[in-house]
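First comes the structure, then the notes that go with it.
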């Protein structure tokens with residue numbers, strides 16, 4: 001058995017993912033971003049209809065991505081959903097979309113009988129970089145150093161993922177790396 005973990009950084013505009021082989025040492029099988037775009041305002045589409053369309057795109061993209069790996073997929077690792085401190089209409093929409101993305105993850109995990117393991121953004125940064133206030137660049141540098149290569153160059157650049165989007169798959173990978181010592185992941189890996 002060579003189990004896989006799916007790391008996720010859920011969102012609608014950019015849904016980061018990482019597939020990680022949970023062998024004796026972690027091996028990155030792939031990383032990427034599922035992206036969706038808002039409908040053109042001139043098309044006269046209700047925001048709720050547009051949100052549902054985007055949810056279908058994310059869900060379909062995940063199904064297509066994961067179908068070849070279903071026999072090996074054992075766990076979903078994610079940064080726990082956090083709520084912004086700033087209130088307002090823009091934040092309400094962002095939280096609504098993030099909640100919808102989380103609903104997709106929860107449904108797929110339920111359908112495939114996969115546990116979801118979560119860590120707070122601060123605990124993931126602390127596990128990786130030793131500080132809860134690590135920057136995105138520090139997280140990426142730590143992961144590149146751990147895996148001995150530029151993961152972005154190896155997994156993202158060939159698929160034409162713009163550098164401005166790299167933080168999302170790196171965050172997905174960070175969740176797997178930081179949560180590898182959870183009881184659930186340790187049991188899946190067969191580690192005492």
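Things worth noting here:
- Based on alpha carbons, the Rg and Dmax found for the range 1-65 are 15.4, 53 Å.
- Between residue 137 and residue 13, the FRET efficiency estimated from the beta carbon spacing at R0 = 22 angstrom works out to 0.60.
- The stretch between residue 149 and residue 72, if pulled fully straight at 0.36 nm per residue, gains 25.2 nm over its current Cα-Cα span.
- Förster-model FRET efficiency, 45 Å R0, residue 80 and residue 40, C-beta, rounded to 0.05: 0.85
- Protection proxy ranking of 30-38, 159-167, 72-80, by the mean of other Cβ atoms within 10 Å over each peptide's residues and highest first, is 72-80, 30-38, 159-167.
- Helix 47-66 and the longest principal axis of the C-alpha atoms of the chain enclose an angle of approximately 30°.
- Whole-number D in µm²/s for the range 114-192 (Stokes-Einstein; Kirkwood sum over Cα pairs; 10 °C, 1.306 mPa s): 119
- Across the range 4-189, Cα pairs under 8 Å and at least six residues apart give a relative contact order of 32 percent.
- Equivalent-ellipsoid semi-axes of the chain, from the Cα gyration tensor, Å, largest first: 27, 19, 17
A short reminder: the numbers here are calculations on the coordinates, not readings from a lab. The shown structure was predicted, so the numbers you read here are calculated from the model rather than taken from an experiment. FYI the Cβ positions are ideal-geometry reconstructions off the backbone, even for glycines, and counts take in every protein chain you see.
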